[in-house]
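Please treat every number below as a calculation from the coordinates, not as lab data. Being a predicted model, the structure only gives us computed values, none of them experimental. Cβ placement follows ideal geometry from the backbone for every residue including glycine, while neighbour counts extend to all protein chains displayed.
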Amino acid sequence: MLKRYAQNPIITREDIPSILPELVDVSSVFNPGAIKFNDKYLLILRVQNRGRETFMMLAESKNGIDFQVKPTIINFQGIEKISEPIYHCYDARITLLEGVYYIMFAMDMETGCHLGLAKTTDFNHFEFMGITTQEDSRNGVLFPERINGKFMRLDRPNKMKLAGGPTSGNTICLSESDDLLHWQLVSPLMSGRFHYWDELVGAGPAPIKTREGWLQIYHGVATHFGSSNIYQGGVMLLDLKNPAKVLGRSRYNILEPRELYELVGQVPNVVFPSGAIIEKIDSEGVATLDSPVYIYYGAADTAVGLAQTTVEQLIQMAMI
Ligand code: BMA
């Protein structure tokens, strides 16, 4: 299915520089957003310290494999104006849209989990734009262009409580907006398949535009095993002009916890794809079939893994 990079994990806790007083001997780094910027591969990492506090940090690479983590904590300017306590900001998804880089991320607050939106044009300054959900929701990601004049987004309302775990959900929804802050539901897009690999679901990296449709990598959770949920990666294909229409959805997961660093860690049995970089995009902004795809994922909520494939293979996997 996907090919793991042989020297995985590509980023571990040892790669996180100390920043006093927040980050000293951190516990974990995982669930990165990814994008190519000025020929560099960038990741926005989720880093946890031993107080289990969460921070976002930027990592940079020339080849998509060897990353340097910048010794600063990302500050979303303006987020301090929110009066309600914010416990954690995490799981960034990055989308290039009309020349601006948008970052949608989960915010754990008193009223549940909400989707925050920030933007940058240089990856030095990040401006917080606002909270974009009223209901409890996670796994929000913007499409890289307007469709029929509207901004589009996928998110996953949290309508279920996992035994002993966080709130979760089994339906990815498609919404539209005129200003990126206020969203109206278009339709529930796809739901979990109970008894199989993707009982609970959530969107991963930004949709990839191909001539065959939007490729959407997502995660699925199998909850019907005795002692542990299993987080896996999958892929679906959505109609280009009407992304509410699912053209295909992988019957099999395309990445599942198998390696030790995926099976053992802060949360065992987890691969969580959250970033993807497409190498070849043609002059019309469409990914070519032969383009390599780098998929970055959280492994056991502890480290960052890389898996490689091509656009063509992802389409094939979505259509099985
Ligand atoms: C989900 C999210 C992810 C996390 C995963 C596995 O509910 O919280 O951030 O990686 O659980 O713990």
Cα gyration tensor category, rounded, prolate or oblate, for segment 143-221 with a/c compared to 1.5:
oblate
In nm, what is the difference between 0.36 nm times the number of residues separating Thr111 and Gln77 and their Cα-Cα distance?
10.0 nm
Which residues does a label at Lys161 reach in segment 99-125, if reach means a backbone N under 19 Å from a point 7 Å past the Cα toward the Cβ?
108-114
Rounded, prolate or oblate (a/c below 1.5 giving rounded, otherwise prolate when a/b exceeds b/c) for segment 1-127 by Cα gyration tensor
oblate
Considering only DSSP beta bridges where both residues belong to segment 188-320, give the percentage that are antiparallel (nearest 5).
95 percent
FRET efficiency estimate (nearest 0.05) - Cβ-Cβ, Asp282 to Asn38, R0 22 angstrom
0.65
Site Met319, offset 7 angstrom along Cα→Cβ, radius 14 Å on amide nitrogen, limited to segment 194-219, gives 210-215
In the Gaussian network model of the chain, springs joining C-alpha atoms below 10 Å, which of Gly164, Gly248, Gly140 carries the largest mean-square fluctuation?
Gly164
Sum up the charges of everything whose Cβ sits under 9 Å from the Cβ of Trp197, counting Lys and Arg as +1 and Asp and Glu as -1, but leave Trp197 out.
-1
Cα gyration tensor of segment 252-320 diagonalised, 5x eigenvalues square-rooted, in angstrom largest first, produces semi-axes 27, 13, 8
Could you sort out which of Lys3/Lys119; Lys150/Lys209; Lys40/Lys245; Lys70/Lys159; Lys62/Lys119; Lys150/Lys245 sit more than 26 Å apart by Cα distance in this structure?
Lys3/Lys119; Lys40/Lys245; Lys70/Lys159
Below 20 Å, Cα to Cα, which aspartates and glutamates can Lys161 reach? Residues fewer than 8 away in the same chain don't count.
Asp91, Asp108, Glu110, Glu135, Asp136, Asp198, Glu199, Asp301
Placing each pseudo-label 7 Å from Cα in the direction of the beta carbon, Glu60 and Arg193 end up separated by a distance in nanometres of 4.3 nm
Which longest run of the chain has no exposed loop site in it, a site being trypsin sites (Lys or Arg not before Pro) in a DSSP loop with at most 16 other beta carbons within 10 Å, and the site itself not part of the run?
63-145
When only alpha-carbon atoms count, how far does segment 162-319 stretch along each of its three principal axes, as whole angstroms with the largest first?
47, 34, 29
Under unit Cβ charges (Lys, Arg +1; Asp, Glu -1), what dipole magnitude, rounded to 20 debye, does the chain have relative to its Cα centre?
600 debye
Mind giving me the nanometre distance, one decimal, between the label points for Lys70 and Lys241, set 7 Å out from Cα along Cα→Cβ?
4.1 nm
If I model a spin label as a point 7 Å beyond the Cα along the Cα-Cβ vector, how far apart are those points for Leu289 and Ser228 in nm?
3.9 nm
Rank Phe128, Ser250, Pro292 by how far each Cα sits towards the positive end of the charge dipole of segment 3-318 (+1 on Lys, Arg Cβ; -1 on Asp, Glu Cβ) and give me just the farthest.
Ser250
Looking at segment 3-318 only, what percent of DSSP beta bridges run antiparallel? Nearest 5 please.
95 percent
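Could you work out the equivalent-ellipsoid semi-axes for the chain, taking the square root of 5 times each eigenvalue of the Cα gyration tensor, largest first, in whole Å?
They are 25, 22, 21 Å, listed from largest to smallest.
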Of the candidates Asn158, Gly99, Thr111, the farthest towards the positive dipole end of the chain (Lys/Arg Cβ +1, Asp/Glu Cβ -1, centred on the Cα centre) is Asn158
Would you calculate a helix-derived [θ] at 222 nm for the chain, using -39,500 (n - 2.57) for each DSSP H run of n ≥ 4 and dividing by the full residue count, to the nearest 500?
-1000 deg cm²/dmol
Taking Cα centroids, how far is segment 195-218 from segment 255-320 in Å?
11 Å
Residues with amide H under 5 Å of Arg138's amide H, sequence separation 5 or more or different chain, H placed in the peptide plane at 1.01 Å from N; which?
Arg156, Asn158
Test of understanding: in a Gaussian network model of the chain with alpha carbons linked when under 10 Å, which of Ile131, Ile278, Ile147 would top the mean-square fluctuation ranking?
Ile147
